[in-house]
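K.L.:
Can you keep this structure in mind? I'll have questions shortly.
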Amino acid sequence: MINLLTGINSTSAALDAERTRMDVISQNIANVNTTHGPDGKPYQRQQVVFETVLRAQQNSDLSAQEVHVARIEKDSRPPRMIYMPGHPDANDKGMVATPDINIHQEMADLIASSRTYEANLAVAKNARSMAMSALSIGKH
Amino acid sequence: MIDALFNQPNYVATKKMLDVAVLRQEAIASNLSNLETPNYKRVDVAPSFEAQLSQAVKSGDPTQIATLEPRLAVDASAISGRSDGNTVSLEDELLKMNQNTFEDAMETQLISGSLAKMRLAITGH
């Protein structure tokens, strides 16, 4: 297939990766107070790890690169212990293990992610306008 | 015979510059897509290409211009201002993209212009 929109593969890969990152961040924010997950333990903060992937291209030693989500990692930080006797998940000393999630850090990550998303949308828009001007060659 | 009409050095050079604009758009797409990837180094059209093109244009030989091949290379001049070793700057990249779109528009107009002149020469209107 001819590729009219240059670099659109990189852009769509990035939009996909950033969308995954936003999903994971919203999951972290949603579970900021979850003390009891399906495994009986408090929720563990997750984060995405990005990696670059080379896209095969003819006649070129270096080609455009795509971004992919390599993996979603669990944060290994220990849970925060809060004194809440009477809570169903409290231990014998009355301490409840809650996820160590910093809401400000999550919000900052969310903003960074949505800015990257917007920048990639701008690239898609530009690729489109360049394709349109290429299609108009020879018209008058 | 008709080939000679499309073999003027300026026309061939503009076509080449259009290829460069498309390749640079691809590089910028790659850079912005890896904005948050640790240790990613920004890519751009190899700086040696500009020198080669200006030399080929000076020689006035269209085949020499046509055989030039723009390539992507890691931008060695980009400095990382971030702790993750990534050398992409969002603002720089968006500015370069806008500049590139204007260059692309200018080059398509130049090409359209030379085609229109050719049509004028053939048909007289």
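The values are calculated or read from the model by the stated rules, or taken from the named source; none is laboratory data. Everything quoted here is computed from the prediction, not taken from an experiment. Backbone-built Cβ (ideal geometry, glycine too); neighbour counts: all protein chains shown. The accessibility values were calculated without ligands, DNA or RNA, using every heavy atom of the protein model including side chains. Shrake-Rupley method; radii C 1.70, N 1.55, O 1.52, S 1.80 Å.
K.L.:
Just to be sure I understand: if I project the alpha-carbon convex hull of region B:81-122 onto a plane and average over all orientations, what area do I get in nm²? Present the calculation step by step, with values, prior to reporting the outcome.
P.N.:
Numbers: hull surface 13.4 nm².
Averaged projected hull area, Cα only: 3.3 nm².
K.L.:
Which whole-number percent is the relative contact order of region A:3-140 (Cα, under 8 Å, 6+ apart)? Each step should come with its number before you reach the end.
P.N.:
On the way: 189 pairs, mean separation 42.5, N = 138.
Reported as a whole number, the value is 31 percent.
K.L.:
Let me ask something additional. Suppose every Lys and Arg Cβ carries +1 and every Asp and Glu Cβ carries -1, with no other charges. What dipole size does region A:69-140 come out with about its Cα centre, to the nearest 20 debye?
P.N.:
I would put it at about 520 debye.
K.L.:
Now a separate question. Which value in nm describes the separation of the simple spin-label points at A:MET84 and B:ASN39, placed 7 Å from the Cα toward the beta carbon?
P.N.:
Placing both labels 7 Å beyond Cα along the Cβ direction yields 4.0 nm.
K.L.:
What longest region of chain A stays clear of trypsin sites (Lys or Arg not before Pro) that DSSP places outside H, G, I, E and B and that have at most 11 other Cβ atoms within 10 Å?
P.N.:
Working: sites that count: A:LYS93, A:LYS139.
Value returned for the longest uninterrupted segment is A:1-92.
K.L.:
Still on this model: Could you report the accessible area of A:THR20 in Å², rounded to 10, computed with a 1.4 Å probe on the protein chains as they sit in the structure?
P.N.:
Its heavy atoms expose roughly 40 Å² to the probe.
K.L.:
Quick check of the Kirkwood formula: for chain B, what is the inverse mean of 1/r over all pairs of different Cα atoms, in Å?
P.N.:
16.3 Å
K.L.:
For the pair A:ALA122 and B:ASN10, what calculated FRET efficiency results from E = 1/(1 + (r/R0)^6), where r is the Cβ-Cβ distance and R0 = 35 Å, to the nearest 0.05?
P.N.:
0.65
K.L.:
For region A:2-140, report the translational diffusion coefficient in µm²/s to the nearest whole number, using Stokes-Einstein at 37 °C, 0.692 mPa s, and a Kirkwood Rh over Cα pairs. Each step should come with its number before you reach the end.
P.N.:
Details: Rh = 18.3 Å.
Result for D is 180 µm²/s.
K.L.:
Counting only protein heavy atoms and a 1.4 Å probe, tell me what percentage of chain A's accessible area is made up of carbon and sulfur.
P.N.:
After summing per-atom areas, the C and S share lands at 55 percent.
K.L.:
How much of the calculated P(r) for the protein assembly as shown lies past 30 Å, in percent of all Cα pairs? It would help to have the intermediate numbers written out before the result.
P.N.:
Details: 15941 of 34980 pairs.
Tail of the P(r) past 30 Å holds 46 percent of the pairs.
K.L.:
Connecting C-alpha atoms closer than 10 Å in a GNM of chain A, tell me which of A:HIS68, A:HIS87, A:HIS36 has the biggest fluctuation.
P.N.:
A:HIS87
K.L.:
Right, another one. Once Lys and Arg get +1 and Asp and Glu get -1 on their Cβ, which of A:GLN44, B:LEU94, B:PRO9 lies farthest toward the positive end of the dipole of the protein assembly as shown?
P.N.:
Farthest towards the positive pole: B:PRO9.
K.L.:
Quick one: Cα convex hull volume of region B:54-125, Å³ per residue?
P.N.:
Value for region B:54-125: 123 Å³ per residue.
K.L.:
Give, rounded to the nearest 20 debye, the magnitude of the charge dipole that the protein assembly as shown has about its Cα centre when Lys and Arg contribute +1 at Cβ and Asp and Glu contribute -1 at Cβ.
P.N.:
420 debye
K.L.:
Zone of B:ALA121 (label point 7 Å along Cα→Cβ, backbone N under 17 Å): which residues in region B:8-32?
P.N.:
Answer for region B:8-32: B:8-15.
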